[in-house]
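Reading through the structure tokens given below for one structure.
The values are calculated or read from the model by the stated rules, or taken from the named source; none is laboratory data. These figures come from a predicted structure and were not determined experimentally. Cβ atoms come from the backbone with ideal geometry, glycine included; neighbour counts cover every protein chain shown. Quick note on the areas: whole protein, heavy atoms, side chains included, nothing else; ligands and nucleic acids left out. Shrake-Rupley method; radii C 1.70, N 1.55, O 1.52, S 1.80 Å.
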Amino acid sequence: MQAIDHFYSGSPWASGDFQIGTAPCPSYTLDRVTDPGFSKYSKFADFDNDGDKDLIIIQDNGDNPPQLHILQNKEGTLPLLDPWNENQILAEHFDLGDADNDGDIDIVFVDNTAIYLLVNNSGTFERKEIFNSIEGWTTSRPAFLDYDNDGDLDVVHYNSVFFTQFNGLAFYENRGDLDFGPGTDYQFSENTVADLRVADFDNDGDTDVITEERNPFIPDLPHQINIYLNEEGTFTLGPNVGSTGQGLGGFDIGDIDNDGDLDVVGSGLFQFGASTRFYLNDNLNFVEVPVLNQGFGHLRLGDYNNDGFLDLVASTFIYTSSPTAPNVVEFTQLFQNTGGTSLVAENINFSVPNLAFLKVGVLPEWVDFNNDGILDIYQQYGNRLARSRPPLSE
């Protein structure tokens, strides 16, 4: 499972303050992973098959095109090495999987006009176009999934630009030897997709798709979370899970109540009130459980205290003066899942003042970087890693 905690104020990167709650939890030291900056998106994986987790990021380069970097982990030594990068990609997201079934991890991303693989050949990467698309897909998030259950990874992605030839979910079948062809698309009539994940929500052995959708014409409406059920390779609209609230927000998936099926947590900011809710899966009937009267722009589930329940780490921002001022404080906060239906704030947060107006916080991601069985936290903004130490005693 996956989680975070408190930081040493003596670190040169700990420019904010933190507080420690009453529950026993691990402690963390804060280290620089690579050069300071803002990672638009990141994931950890073992690209060189040496047993530790490397880091792949899309680095924001301001007015220049973003770059994709793979940072090599050599026995936990920081900062990470940067042996390989892909310059000038017009992409914001990617996904990881073994597309050619050769035992190492490949990368899929959507550029402005095409879908590409970065094929991993024993630690070196070859760029391969798998489908030439249409313009306007720069903000698309791709995902690997075996939607036809034939043993190899296919691809799904969404187009988040409404005024294009296609608006919806696009599937691409892996026909073997990295030969991809278009599958059945799912066209939307109104909404556009803001985010997606893939997982088996109905426990029937195939992979479904869950989306966060927004109305491009009425931005103040809550974003809706919908599931598209996979029936032997064909997708149909399933249940509406709930919403992420209004404005900026997000969701994550996991078995929050430990009953054997996947639940959802959603959160949102602005407009009609910020909040965070569990949506507990009861045979595809999702029961809404309000858990926080606070909204976040980015949130991830993970078991930080190894008690068997998925806790929550979330980030957002607060204004220090007024909504029109650029001076904001970004912070990450930890909440303990106390049994599947409630969250208790650990009162542990890491705040970073005077950052750019990001609105979603410092984008935390869980990873057991040092392979000690306790989750660490990667802060995408600033490229910092909080590495765990043994739990505090009661």
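Evaluating THR236 against the criteria (1) in contact (Cβ under 8 Å) with a residue 24 or more places away in the chain; (2) touching a Leu at 6+ places or on another chain (Cβ under 6 Å); (3) outside any loop (DSSP other than H, G, I, E, B); (4) of a type in the set (Val, Ile, Thr) leaves one unmet condition, (1). Among the residues making up the range 197-214, those that are touching a strand residue (DSSP E or B) at 6+ places or on another chain (Cβ under 7 Å) and at pLDDT 90 or above are ARG197, VAL198, ALA199, ASP200, PHE201, ASP202, ASP206, THR207, ASP208, VAL209, ILE210, THR211.
On the given criteria, is THR124 open to solvent by 40 Å² or more (accessible area, probe 1.4 Å) and under 17 Å from LEU55 (Cα atoms)? For THR124, the condition - open to solvent by 40 Å² or more (accessible area, probe 1.4 Å) and under 17 Å from LEU55 (Cα atoms) - is met.
Could you say whether any residue in the range 180-191 is among the β-branched types (Val, Ile, Thr) and under 19 Å from the mean Cα position of the chain (by Cα)? No, the conditions are met nowhere in the range 180-191. The strands (runs of 3 or more DSSP E) found wholly in the range 260-304 and carrying at least 3 residues that are open to solvent by 40 Å² or more (accessible area, probe 1.4 Å) and without any contact (Cβ under 8 Å) to a residue 60 or more places away in the chain occupy 285-292. Entry remark, the range 88-116: residues being touching a residue at least 40 places away in the same chain (Cβ under 8 Å) and either within 19 Å of the chain's Cα centre (by Cα) or assigned to a loop (DSSP other than H, G, I, E, B) (or both) number 19 in total.
Looking across the range 178-203 at every residue that is free of Cβ contacts under 8 Å to residues at least 24 places away in the same chain and part of a loop (DSSP other than H, G, I, E, B), the one that is farthest from ILE107 (Cα to Cα) is identified as SER189. So which residues in the range 220-241 are closer than 20 Å to PRO290 by Cβ and crowded, with 20+ Cβ neighbours inside 10 Å? Of everything in the range 220-241, those that are closer than 20 Å to PRO290 by Cβ and crowded, with 20+ Cβ neighbours inside 10 Å turn out to be HIS223, ILE225, VAL241. Checked against (1) modelled with pLDDT of 85 or more; (2) outside any loop (DSSP other than H, G, I, E, B); (3) crowded, with 20+ Cβ neighbours inside 10 Å, PHE47 meets all criteria but (2). Across the range 72-89, the qualifying residues are those that are out of contact with any Ser or Thr (no Cβ under 6 Å at 6 or more places or on another chain), among the aliphatic types (A, V, I, L, M) and within 16 Å of LYS53 (Cβ to Cβ), and the one among them that is surrounded by the fewest Cβ atoms within 10 Å (Cβ to Cβ) is LEU81.
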